[in-house]
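The values are calculated or read from the model by the stated rules, or taken from the named source; none is laboratory data. Since this is a predicted model, take the numbers as computed values, not measurements. Each accessible area value is taken on the protein alone, full model and side chains, heavy atoms only, with ligands, DNA and RNA left out. Shrake-Rupley method; radii C 1.70, N 1.55, O 1.52, S 1.80 Å.
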Amino acid sequence: MDDSALLERQHGKASLAFVYLAFLFPAMAGFLFGYDIGSTSGAVRSLRLLVGFEAKGMWTSATTSASLMGATLGSVLAFWVGEPLGRRRELLVGSSLYLFGSLLCVAAPESGAAYGAVFAGRWLYGLGVAFSMHAAPVYISEMAPSAVRGMLVGGKEGFIVGGIL
């Protein structure tokens with residue numbers, strides 16, 4: 001009997017479908033993280049066209065690395081806040097920060113203030129990355145049966161690479 005048949009017999013088809021569905025949400029957080037990494041250079045060019053002037057190198061560097069700055073601080077925060085929150089709530093906090101950061105970037109005014117709004121939005125987005133990437137592997141491994149646990153945790157990493165591409 002192969003692993004998937006044994007898994008279905010032990011846990012049932014509905015339970016296994018729930019595991020795969022529950023995997024998709026933290027995996028999509030990984031995809032968004034990868035997409036952010038891969039699309040940043042194009043976003044900077046678009047922002048230059050939107051604002052209408054050439055930003056200095058410091059602003060461009062700060063804007064492109066704002067999500068990494070937020071992720072760095074978020075990693076430190078997630079270290080202390082993650083355990084009391086629990087994995088599910090930590091993923092919800094991360095996805096809320098993804099949403100608010102993205103909305104702030106989209107709602108940036110068409111003026112010189114756009115750089116500040118985009119910087120703040122990307123910084124919030126980076127906080128969301130930290131909370132999501134901190135909780136996702138543990139969440140997936142806690143809810144997945146042992147027969148597919150490694151595949152799903154590794155699959156989340158594949159979603160990050162898929163987002164970059």
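Starting from the residue with the highest accessible area, list T40, T64, T72 in decreasing order, probe 1.4 Å.
Heavy-atom accessible area, descending, gives T72, T64, T40.
If you stretched the chain out fully between T60 and S46, how much longer would it get, using 0.36 nm times the residue separation minus the C-alpha to C-alpha distance?
Once the chain is fully extended between T60 and S46, it gains 3.9 nm.
Stretch L92-S141 to full length: gain in nm at 0.36 nm per residue minus the Cα-Cα span?
15.9 nm
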